[in-house]
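Written out below as structure tokens is the structure these notes cover.
The values are calculated or read from the model by the stated rules, or taken from the named source; none is laboratory data. Values in this document were obtained by computation on a predicted structure and should not be read as measured data. Neighbour counts run over all protein chains shown; Cβ positions are idealised from the backbone, glycine included.
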Amino acid sequence: IDIRKKIKEEYIKRGVKIHFSKEVNSIKQNPPVDSSDKSNKFKYEISTKTGDSIQSDLVMFATGRKPNLDTLGLDKLKIEKNQDGTLIVDEFYRTSVKSIFAIGDVVGKKQLTPVAIAEGNVLTKYLTEGKKPFVNYKNIPTAIFSTPNSASVGYTEDEAIIEFNKDLQIYKSQFKPMKQTLGGSQTKIFMKLIVVKSTNKVVGCHMVGDYAGEIIQGLAIAIQAGATKKDFDNTIGIHPTAAEEFVTLK
């Protein structure tokens, strides 16, 4: 929730109008713009199911993805699928037809290129060396290359509450990095650590700001290795960087 709030705040600062809970009913292309007609300057009219009309120069769809399997003849082989159309595989990435394996987006895990590569690597080792495949899907770092960037690894706060109940310590910071302070920018960076109190283990790391993906990729190694908050505290930061805030959070 904190990440969404921060991105919303920064978008609004930039003059972006956000329409929540609006379901699109239709998209209609407006007639060619007449330079003398100031009332018709947008290319598209978007109508919502609540009766609102939104004028826009560009419409971009982000409707998700589904497996493109229809032309492969999998139904003839009676390969079993999940309700969303993804293929059912076991712990060895075998489908219901034991001689056919599947990895990547079509198996309904994380739809990310590095995840598919990892699955391919462990499956190759299984088929050539007999090593049981294992991909840790819990601590997969992700990023959204919005403006500003956002990135996360590990548990969200809501997920951590379900998993660890009240045994949590949440650390947050919001600040303007030095380069933006000197440049007069009003954009602030947001950082958040989720720590299990009883073990001092850091189980979640989140950021909104420039180069968030680059920074979280490095911290993902620490999370995967089981780093504690004390490990973070004992690490000397690089000054002046935004990333040093992660090792000074109190």
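Scan region 218-235 for residues that are under 23 Å from the mean Cα position of the chain (by Cα) and of a type in the set (Val, Ile, Thr) and the total you get is 2.
Taking the conditions (1) surrounded by fewer than 11 Cβ atoms within 10 Å (Cβ to Cβ); (2) part of a helix (DSSP H, G or I) in turn, LYS98 satisfies each one other than (2). Annotation: ASP158 fulfils all but one of (1) in contact (Cβ under 8 Å) with a residue 40 or more places away in the chain; (2) farther than 26 Å from VAL115 by Cβ; (3) surrounded by fewer than 18 Cβ atoms within 10 Å (Cβ to Cβ); the unmet one is (2).
With respect to the stated conditions, GLU245 is touching a residue at least 12 places away in the same chain (Cβ under 8 Å) and surrounded by 12 or more Cβ atoms within 10 Å (Cβ to Cβ). Determine whether PRO114 is in a helix (DSSP H, G or I) and not assigned by TED's automatic domain parsing to the domain that holds ALA212. So PRO114 fits the description; yes. In region 118-131, what count of residues is obtained for those that are in contact with a Phe, Trp or Tyr (Cβ under 9 Å, 6 or more places away or on another chain) and either modelled with pLDDT under 95 or surrounded by 15 or more Cβ atoms within 10 Å (Cβ to Cβ) (or both)? Residues flagged as in contact with a Phe, Trp or Tyr (Cβ under 9 Å, 6 or more places away or on another chain) and either modelled with pLDDT under 95 or surrounded by 15 or more Cβ atoms within 10 Å (Cβ to Cβ) (or both) within region 118-131 amount to 4.
Of the residues making up region 200-216, those that are outside any strand (DSSP E or B) and surrounded by 15 or more Cβ atoms within 10 Å (Cβ to Cβ) are ASN200, GLY209, ASP210, TYR211, ALA212, GLY213, ILE215, ILE216.
For LYS192, indicate whether it is at pLDDT 95 or above and more than 29 Å from ILE12 (Cα to Cα).
No; evaluated as a whole, the condition is false for this residue.
Looking only at region 182-199, decide whether some residue is buried (at least 22 other Cβ atoms within 10 Å of the Cβ), of a type in the set (Gly, Ala, Ser) and part of a helix (DSSP H, G or I). Looking through region 182-199, none of the residues is buried (at least 22 other Cβ atoms within 10 Å of the Cβ), of a type in the set (Gly, Ala, Ser) and part of a helix (DSSP H, G or I). Answer yes or no: is there a residue in region 221-242 that is closer than 30 Å to GLY15 by Cα, in the same structural domain as LYS166 (by TED's automatic domain parsing), in contact with a strand residue (DSSP E or B) (Cβ under 9 Å, 6 or more places away or on another chain) and modelled with pLDDT under 95. Yes: region 221-242 contains one or more residues that are closer than 30 Å to GLY15 by Cα, in the same structural domain as LYS166 (by TED's automatic domain parsing), in contact with a strand residue (DSSP E or B) (Cβ under 9 Å, 6 or more places away or on another chain) and modelled with pLDDT under 95.
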